[in-house]
Amino acid sequence: MSVYNWADYIDEQILADYTEQYGVEIIYDTYASNEDLLAKLQAGAEGYDVIFPSDYMVSIMIDLGLVAEIDASSLSNIGNMNPAFMDAPFDPGNKHCVPYQWGTTGIGYRAGNEYFEANPPTSWAVLFDPEILATYSGDGINVLNDARELPAAAAFYLGFDPNTEDPAELDQILETILTAKEYWKTFNSEGYDTELLIPDEVVLTHGWSGDVALAYYETYDEETEDGNWYYSIPEEGAVKWLDNICVTSSSEKQATALHFMNYLLDAEVGAAITNYTYYASPNAAAMEFILPEIIEDESIFPPAEVEEKLEWLREVGDDAALKYDELWTAVKAGS
Ligand code: N2P
(Lines give C-alpha, C1' and ligand atoms only; values in the text may rest on other atoms or scores of the structure.)
Protein backbone atom coordinates (compact mmCIF):
# COMPACT_ATOMS: atom_id res chain seq x y z
CA MET A 1 0.00 0.00 0.00
CA SER A 2 1.27 3.45 -0.83
CA VAL A 3 0.83 6.36 1.59
CA TYR A 4 1.41 9.92 0.37
CA ASN A 5 1.46 12.49 3.17
CA TRP A 6 2.67 15.98 4.06
CA ALA A 7 6.32 16.23 5.07
CA ASP A 8 6.95 15.62 8.80
CA TYR A 9 3.38 14.57 9.42
CA ILE A 10 3.60 11.09 10.94
CA ASP A 11 6.05 9.19 13.08
CA GLU A 12 7.29 6.56 10.65
CA GLN A 13 7.35 4.14 13.58
CA ILE A 14 3.55 4.11 13.34
CA LEU A 15 3.85 2.83 9.78
CA ALA A 16 6.39 0.21 10.87
CA ASP A 17 4.05 -0.89 13.67
CA TYR A 18 1.20 -1.25 11.20
CA THR A 19 3.35 -3.36 8.89
CA GLU A 20 4.45 -5.52 11.79
CA GLN A 21 0.92 -6.05 13.11
CA TYR A 22 -0.87 -6.60 9.81
CA GLY A 23 1.87 -7.67 7.40
CA VAL A 24 1.06 -4.87 4.96
CA GLU A 25 4.15 -3.27 3.41
CA ILE A 26 3.90 0.53 3.13
CA ILE A 27 5.57 2.68 0.54
CA TYR A 28 5.79 6.13 2.11
CA ASP A 29 6.34 9.40 0.28
CA THR A 30 5.76 13.06 1.16
CA TYR A 31 4.65 16.30 -0.50
CA ALA A 32 4.92 19.99 0.45
CA SER A 33 1.53 21.40 -0.51
CA ASN A 34 -2.03 20.56 -1.52
CA GLU A 35 -1.26 21.82 -5.02
CA ASP A 36 1.74 19.48 -5.33
CA LEU A 37 -0.47 16.57 -4.28
CA LEU A 38 -3.16 17.58 -6.78
CA ALA A 39 -0.64 18.01 -9.60
CA LYS A 40 0.78 14.57 -8.89
CA LEU A 41 -2.65 12.91 -9.05
CA GLN A 42 -3.71 14.93 -12.10
CA ALA A 43 -0.53 13.96 -13.92
CA GLY A 44 -1.99 10.48 -13.72
CA ALA A 45 0.23 9.16 -10.93
CA GLU A 46 -1.25 5.77 -10.17
CA GLY A 47 -0.53 3.72 -7.14
CA TYR A 48 -1.12 6.22 -4.36
CA ASP A 49 -3.69 4.67 -2.04
CA VAL A 50 -3.95 6.98 0.97
CA ILE A 51 -3.58 10.78 0.81
CA PHE A 52 -4.05 13.68 3.27
CA PRO A 53 -5.54 16.77 1.55
CA SER A 54 -6.69 19.84 3.49
CA ASP A 55 -10.32 21.00 3.67
CA TYR A 56 -10.52 23.12 0.47
CA MET A 57 -8.50 20.55 -1.48
CA VAL A 58 -10.94 17.81 -0.46
CA SER A 59 -13.73 19.78 -2.24
CA ILE A 60 -11.55 20.17 -5.33
CA MET A 61 -10.68 16.48 -5.36
CA ILE A 62 -14.29 15.41 -4.87
CA ASP A 63 -15.28 17.60 -7.84
CA LEU A 64 -12.52 16.03 -9.96
CA GLY A 65 -13.41 12.50 -8.89
CA LEU A 66 -9.96 11.90 -7.42
CA VAL A 67 -11.06 10.55 -4.01
CA ALA A 68 -13.05 7.39 -3.42
CA GLU A 69 -16.42 7.27 -1.70
CA ILE A 70 -16.25 5.52 1.63
CA ASP A 71 -18.72 4.39 4.26
CA ALA A 72 -17.28 6.16 7.29
CA SER A 73 -19.85 4.49 9.56
CA SER A 74 -18.21 1.14 8.78
CA LEU A 75 -14.99 2.29 10.49
CA SER A 76 -14.96 0.87 14.02
CA ASN A 77 -12.93 3.85 15.35
CA ILE A 78 -15.01 6.62 13.79
CA GLY A 79 -16.77 7.21 17.13
CA ASN A 80 -13.42 8.38 18.54
CA MET A 81 -13.60 11.57 16.53
CA ASN A 82 -14.63 14.92 17.97
CA PRO A 83 -18.02 15.66 16.30
CA ALA A 84 -16.90 19.28 15.75
CA PHE A 85 -14.60 18.02 12.99
CA MET A 86 -17.08 15.65 11.35
CA ASP A 87 -19.56 16.42 8.60
CA ALA A 88 -17.63 19.49 7.43
CA PRO A 89 -18.99 21.63 4.59
CA PHE A 90 -16.20 20.46 2.26
CA ASP A 91 -17.33 16.82 2.61
CA PRO A 92 -20.87 16.59 4.01
CA GLY A 93 -21.53 13.31 5.78
CA ASN A 94 -17.82 12.33 5.51
CA LYS A 95 -18.70 10.48 2.34
CA HIS A 96 -15.04 10.55 1.23
CA CYS A 97 -12.62 11.45 3.98
CA VAL A 98 -12.11 11.47 7.76
CA PRO A 99 -10.23 14.04 9.90
CA TYR A 100 -6.48 13.57 10.52
CA GLN A 101 -4.89 16.65 12.18
CA TRP A 102 -5.69 20.33 12.43
CA GLY A 103 -3.86 23.53 13.09
CA THR A 104 -3.38 27.17 12.25
CA THR A 105 -1.08 29.19 10.00
CA GLY A 106 0.74 32.01 11.74
CA ILE A 107 4.17 33.45 12.38
CA GLY A 108 7.11 31.74 14.06
CA TYR A 109 9.79 34.05 15.39
CA ARG A 110 13.13 33.69 17.12
CA ALA A 111 13.08 34.34 20.83
CA GLY A 112 15.87 36.66 21.88
CA ASN A 113 16.03 38.48 18.56
CA GLU A 114 16.59 42.15 19.29
CA TYR A 115 13.94 43.46 16.94
CA PHE A 116 11.23 41.04 18.14
CA GLU A 117 12.09 41.61 21.82
CA ALA A 118 11.12 45.24 21.28
CA ASN A 119 8.31 44.50 18.80
CA PRO A 120 6.72 41.08 19.33
CA PRO A 121 4.98 40.32 16.01
CA THR A 122 1.23 40.75 16.34
CA SER A 123 0.50 41.74 12.74
CA TRP A 124 1.14 40.33 9.28
CA ALA A 125 2.94 43.64 8.69
CA VAL A 126 6.10 41.93 9.93
CA LEU A 127 5.97 39.85 6.72
CA PHE A 128 4.64 42.44 4.27
CA ASP A 129 5.43 46.03 5.31
CA PRO A 130 8.65 47.07 3.51
CA GLU A 131 9.58 49.56 6.24
CA ILE A 132 9.45 46.87 8.89
CA LEU A 133 11.08 44.30 6.63
CA ALA A 134 14.01 46.64 6.02
CA THR A 135 14.79 46.69 9.75
CA TYR A 136 15.35 42.98 10.31
CA SER A 137 15.15 40.99 7.06
CA GLY A 138 18.93 40.63 6.88
CA ASP A 139 18.56 37.98 9.58
CA GLY A 140 16.44 35.76 7.32
CA ILE A 141 12.76 35.30 6.59
CA ASN A 142 11.02 32.18 5.30
CA VAL A 143 7.51 31.95 3.85
CA LEU A 144 5.38 28.92 3.12
CA ASN A 145 5.81 27.72 -0.45
CA ASP A 146 2.08 27.55 -0.80
CA ALA A 147 -0.23 28.96 -3.49
CA ARG A 148 -3.18 29.49 -1.12
CA GLU A 149 -1.51 30.13 2.24
CA LEU A 150 0.72 33.00 1.10
CA PRO A 151 -2.03 34.96 -0.72
CA ALA A 152 -4.27 34.34 2.32
CA ALA A 153 -1.65 35.88 4.63
CA ALA A 154 -1.40 38.92 2.34
CA ALA A 155 -5.21 39.11 2.24
CA PHE A 156 -5.41 39.26 6.05
CA TYR A 157 -2.74 41.98 6.04
CA LEU A 158 -4.73 44.02 3.50
CA GLY A 159 -8.04 43.44 5.29
CA PHE A 160 -9.45 41.20 2.54
CA ASP A 161 -11.24 37.89 2.73
CA PRO A 162 -8.60 35.09 2.54
CA ASN A 163 -10.84 33.44 -0.08
CA THR A 164 -11.30 36.61 -2.11
CA GLU A 165 -12.34 36.13 -5.73
CA ASP A 166 -12.22 39.86 -6.53
CA PRO A 167 -9.69 40.41 -9.38
CA ALA A 168 -8.72 43.88 -8.12
CA GLU A 169 -8.03 42.53 -4.63
CA LEU A 170 -6.05 39.65 -6.10
CA ASP A 171 -3.95 42.17 -8.06
CA GLN A 172 -3.25 44.06 -4.86
CA ILE A 173 -2.31 40.83 -3.10
CA LEU A 174 0.16 40.08 -5.88
CA GLU A 175 1.70 43.56 -5.65
CA THR A 176 2.03 43.22 -1.88
CA ILE A 177 3.75 39.85 -2.19
CA LEU A 178 6.10 41.00 -4.96
CA THR A 179 7.19 44.03 -2.93
CA ALA A 180 7.81 41.96 0.20
CA LYS A 181 9.46 39.10 -1.67
CA GLU A 182 12.64 41.16 -2.12
CA TYR A 183 13.16 40.83 1.62
CA TRP A 184 12.44 37.08 1.94
CA LYS A 185 15.21 34.53 1.97
CA THR A 186 13.36 31.28 1.26
CA PHE A 187 10.03 29.76 0.20
CA ASN A 188 9.99 26.50 2.13
CA SER A 189 7.19 24.45 3.72
CA GLU A 190 9.13 21.29 4.42
CA GLY A 191 11.23 20.30 7.36
CA TYR A 192 11.44 23.85 8.49
CA ASP A 193 11.72 23.05 12.15
CA THR A 194 14.84 20.97 11.57
CA GLU A 195 16.27 22.72 8.50
CA LEU A 196 15.30 26.35 9.08
CA LEU A 197 14.24 27.11 12.64
CA ILE A 198 16.39 24.97 14.90
CA PRO A 199 19.63 25.74 12.99
CA ASP A 200 18.64 29.45 12.99
CA GLU A 201 18.74 29.82 9.21
CA VAL A 202 15.99 32.43 9.61
CA VAL A 203 14.60 34.56 12.44
CA LEU A 204 11.01 34.66 11.22
CA THR A 205 8.81 32.26 9.33
CA HIS A 206 5.30 32.16 7.96
CA GLY A 207 4.43 28.73 9.24
CA TRP A 208 2.11 26.05 10.51
CA SER A 209 1.46 25.82 14.24
CA GLY A 210 2.89 22.34 14.88
CA ASP A 211 6.21 22.85 13.17
CA VAL A 212 6.87 26.02 15.15
CA ALA A 213 5.73 24.38 18.39
CA LEU A 214 8.07 21.49 17.70
CA ALA A 215 11.00 23.90 17.22
CA TYR A 216 10.11 25.45 20.60
CA TYR A 217 10.07 22.12 22.45
CA GLU A 218 13.13 20.77 20.69
CA THR A 219 15.16 23.80 21.77
CA TYR A 220 13.62 23.93 25.25
CA ASP A 221 16.20 24.58 27.95
CA GLU A 222 15.41 23.29 31.45
CA GLU A 223 17.45 26.04 33.05
CA THR A 224 15.93 29.04 31.32
CA GLU A 225 12.57 27.23 31.08
CA ASP A 226 12.20 28.53 27.56
CA GLY A 227 12.61 27.44 23.95
CA ASN A 228 13.97 29.39 20.97
CA TRP A 229 10.84 29.71 18.81
CA TYR A 230 7.59 31.47 19.60
CA TYR A 231 4.36 31.35 17.60
CA SER A 232 2.00 34.24 16.99
CA ILE A 233 -1.41 34.43 15.36
CA PRO A 234 -1.68 37.96 13.96
CA GLU A 235 -4.55 40.12 15.12
CA GLU A 236 -5.85 40.62 11.54
CA GLY A 237 -6.79 36.93 11.53
CA ALA A 238 -5.29 33.71 10.23
CA VAL A 239 -6.06 30.43 8.50
CA LYS A 240 -7.34 27.41 10.39
CA TRP A 241 -7.14 24.10 8.53
CA LEU A 242 -8.16 20.50 8.86
CA ASP A 243 -6.21 17.83 7.01
CA ASN A 244 -8.02 14.63 6.14
CA ILE A 245 -7.37 10.98 5.40
CA CYS A 246 -8.76 9.95 2.01
CA VAL A 247 -8.46 6.98 -0.32
CA THR A 248 -7.72 7.76 -3.97
CA SER A 249 -10.32 6.69 -6.49
CA SER A 250 -7.54 5.05 -8.50
CA SER A 251 -6.51 2.85 -5.55
CA GLU A 252 -6.65 -0.85 -6.26
CA LYS A 253 -6.29 -1.59 -2.55
CA GLN A 254 -9.34 0.19 -1.19
CA ALA A 255 -10.11 -2.35 1.54
CA THR A 256 -6.53 -2.24 2.84
CA ALA A 257 -6.53 1.55 2.63
CA LEU A 258 -9.74 1.70 4.68
CA HIS A 259 -8.28 -0.67 7.25
CA PHE A 260 -5.24 1.64 7.56
CA MET A 261 -7.50 4.70 7.77
CA ASN A 262 -9.32 3.07 10.68
CA TYR A 263 -5.97 2.26 12.35
CA LEU A 264 -5.01 5.95 12.25
CA LEU A 265 -8.28 6.77 14.04
CA ASP A 266 -7.40 4.56 17.01
CA ALA A 267 -7.12 6.62 20.24
CA GLU A 268 -3.52 5.65 21.04
CA VAL A 269 -2.36 5.87 17.45
CA GLY A 270 -4.05 9.28 17.14
CA ALA A 271 -2.21 10.43 20.26
CA ALA A 272 1.11 9.06 18.93
CA ILE A 273 0.60 11.11 15.75
CA THR A 274 0.06 14.34 17.71
CA ASN A 275 2.84 13.55 20.21
CA TYR A 276 5.17 13.44 17.20
CA THR A 277 3.82 16.27 15.02
CA TYR A 278 2.72 18.73 17.74
CA TYR A 279 -0.42 19.48 15.70
CA ALA A 280 -3.85 19.41 17.29
CA SER A 281 -5.85 16.21 17.12
CA PRO A 282 -9.49 15.93 16.06
CA ASN A 283 -9.58 12.58 17.88
CA ALA A 284 -11.48 13.09 21.16
CA ALA A 285 -10.57 9.63 22.49
CA ALA A 286 -6.87 10.37 21.89
CA MET A 287 -6.82 13.39 24.20
CA GLU A 288 -6.06 11.41 27.37
CA PHE A 289 -2.91 9.97 25.75
CA ILE A 290 -1.58 13.27 24.39
CA LEU A 291 1.31 14.94 26.24
CA PRO A 292 0.03 17.58 28.70
CA GLU A 293 2.50 20.14 27.27
CA ILE A 294 0.65 19.85 23.95
CA ILE A 295 -2.88 19.91 25.36
CA GLU A 296 -2.04 22.98 27.46
CA ASP A 297 -0.22 24.86 24.70
CA GLU A 298 -2.37 27.67 23.35
CA SER A 299 -0.30 27.91 20.18
CA ILE A 300 -1.44 24.35 19.37
CA PHE A 301 -4.99 24.37 20.79
CA PRO A 302 -5.92 28.07 20.50
CA PRO A 303 -8.21 29.64 23.10
CA ALA A 304 -11.74 30.77 22.13
CA GLU A 305 -10.80 34.43 21.55
CA VAL A 306 -8.16 33.37 19.02
CA GLU A 307 -10.45 30.79 17.39
CA GLU A 308 -12.83 33.63 16.57
CA LYS A 309 -10.23 35.24 14.31
CA LEU A 310 -9.55 32.09 12.32
CA GLU A 311 -10.95 31.32 8.90
CA TRP A 312 -11.01 28.26 6.66
CA LEU A 313 -9.71 28.32 3.10
CA ARG A 314 -12.41 27.31 0.61
CA GLU A 315 -12.43 26.10 -2.95
CA VAL A 316 -12.80 29.21 -5.16
CA GLY A 317 -14.72 29.44 -8.44
CA ASP A 318 -13.09 28.59 -11.78
CA ASP A 319 -12.24 32.18 -12.78
CA ALA A 320 -10.69 32.91 -9.41
CA ALA A 321 -8.83 29.58 -9.43
CA LEU A 322 -7.20 30.62 -12.70
CA LYS A 323 -6.32 33.98 -11.19
CA TYR A 324 -4.74 32.31 -8.13
CA ASP A 325 -2.68 30.10 -10.48
CA GLU A 326 -1.47 33.13 -12.44
CA LEU A 327 -0.73 34.99 -9.23
CA TRP A 328 1.38 32.13 -7.95
CA THR A 329 3.28 31.80 -11.22
CA ALA A 330 4.07 35.52 -11.06
CA VAL A 331 5.19 35.21 -7.42
CA LYS A 332 7.49 32.30 -8.18
CA ALA A 333 8.91 33.73 -11.41
CA GLY A 334 12.60 34.32 -10.95
CA SER A 335 12.71 32.96 -7.41
C1 N2P B 1 3.43 19.43 8.52
C2 N2P B 1 2.43 19.77 7.45
C3 N2P B 1 1.26 20.49 7.96
C4 N2P B 1 0.13 20.46 7.05
N5 N2P B 1 4.74 19.66 8.10
C6 N2P B 1 -0.51 21.75 6.85
N7 N2P B 1 -1.81 21.62 6.33
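The values are calculated or read from the model by the stated rules, or taken from the named source; none is laboratory data. Just so we're clear, the structure is a prediction, and the values are computed from it rather than from any experiment. As a convention, Cβ positions derive from the backbone with ideal geometry for all residues, glycine included, and neighbour counts pool all protein chains shown. SASA here: full protein model, heavy atoms, side chains in, ligands and nucleic acids out. Shrake-Rupley method; radii C 1.70, N 1.55, O 1.52, S 1.80 Å.
Tell me the per residue accessible area of the stretch 282-335 using a 1.4 Å probe; a whole number in Å² is fine.
Spelled out: the 1.4 Å probe surface of the stretch 282-335, per residue, equals 59 Å².
At 222 nm, what value in deg cm²/dmol follows for the chain if DSSP H runs of at least 4 each add -39500 (n - 2.57) and the sum is divided by all its residues, to the nearest 500? Could the numbers behind the result be given before it?
Values: 14 runs with 125 residues, N = 335.
Using -39500 (n - 2.57) per qualifying helix, the result is -10500 deg cm²/dmol.
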What shape does the stretch 216-335 have by the C-alpha gyration tensor, where a ≥ b ≥ c are the square roots of the eigenvalues, rounded means a/c under 1.5, and otherwise prolate means a/b greater than b/c and oblate the rest?
oblate
Length-normalised contact order of the chain, Cα under 8 Å, at least 6 apart, in percent, tallies to 28 percent
Y31's amide H: which non-local residues (gap 5+, or another chain) put their own amide H closer than 5 Å, with H modeled 1.01 Å from N in plane and none for Pro or chain starts?
N5, W6, A7
Rounded to the nearest percent, how much of the accessible area of the chain (1.4 Å probe, protein heavy atoms only) is carbon and sulfur?
47 percent
From the backbone phi of the stretch 266-271, what are the Karplus-calculated ³J(HN,Hα) couplings (6.51 cos²θ - 1.76 cosθ + 1.60, θ = phi - 60°) in whole Hz, Gly and Pro given as x?
4, 4, 6, 5, x, 5
Order these peptides, 45-52, 72-79, by their mean beta-carbon neighbour count within 10 angstrom, highest first.
45-52, 72-79
Top positive-direction residue, dipole computed over the chain with Cβ charges, set S73, W241, V203:
S73
Set the bar at 28 Å for Cα to Cα. Now go through K253/K332; K95/K332; K181/K309 and name every pair that lies beyond it.
K253/K332; K95/K332
Compute the normalised compactness of the stretch 276-317: alpha-carbon radius of gyration over 2.2 N^0.38 Å, N being the residue count.
1.42
Among the aspartates and glutamates, which fall within straight-line cross-link reach of K323, defined as a Cα-Cα distance under 14 Å, with same-chain neighbours fewer than 8 residues apart omitted?
E165, D166, E169, D171, E175, E315
Cα-Cα pairs above 38 Å in the chain: how many percent?
14 percent
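Over the alpha-carbon set of the stretch 121-243, divide Rg by the Kirkwood Rh and report the Rg/Rh ratio to two decimals. The partial results should precede the final answer.
Values: Rg = 14.8 Å, Rh = 15.1 Å.
Answer for the stretch 121-243: 0.98.
Accessible area per residue for the stretch 137-262 in Å², computed with a 1.4 Å probe and the full protein assembly in place, what is it?
Values: 4730 Å² over 126 residues.
Per-residue value: 38 Å².
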Under a 5 Å amide H to amide H cut-off, with H placed in plane at 1.01 Å, what residues pair with S123 once short-range neighbours are removed?
E235
Applying the Karplus parametrisation 6.51 cos²θ - 1.76 cosθ + 1.60 with θ = phi - 60° to the phi angles of the stretch 308-319, what ³J(HN,Hα) value in whole Hz is obtained for each residue in order, glycine and proline being reported as x?
4, 8, 8, 9, 7, 7, 10, 5, 9, x, 4, 4
Given H placed 1.01 Å from N in the peptide plane, which residues other than close sequence neighbours of G207 have an amide H under 5 Å from its amide H?
G106, I107, G108
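Taking every DSSP beta bridge with both residues inside the chain, roughly what % is antiparallel (nearest 5)? Working shown, then result.
Details: 24 of 37 bridges.
Bridges in the chain that DSSP calls antiparallel: roughly 65 percent.
With an 8 Å cut-off on Cα pairs and a minimum separation of 6 or more residues, tell me the relative contact order of the stretch 25-113 in percent.
Values: 43 pairs, mean separation 21.9, N = 89.
Relative contact order comes out at 25 percent.
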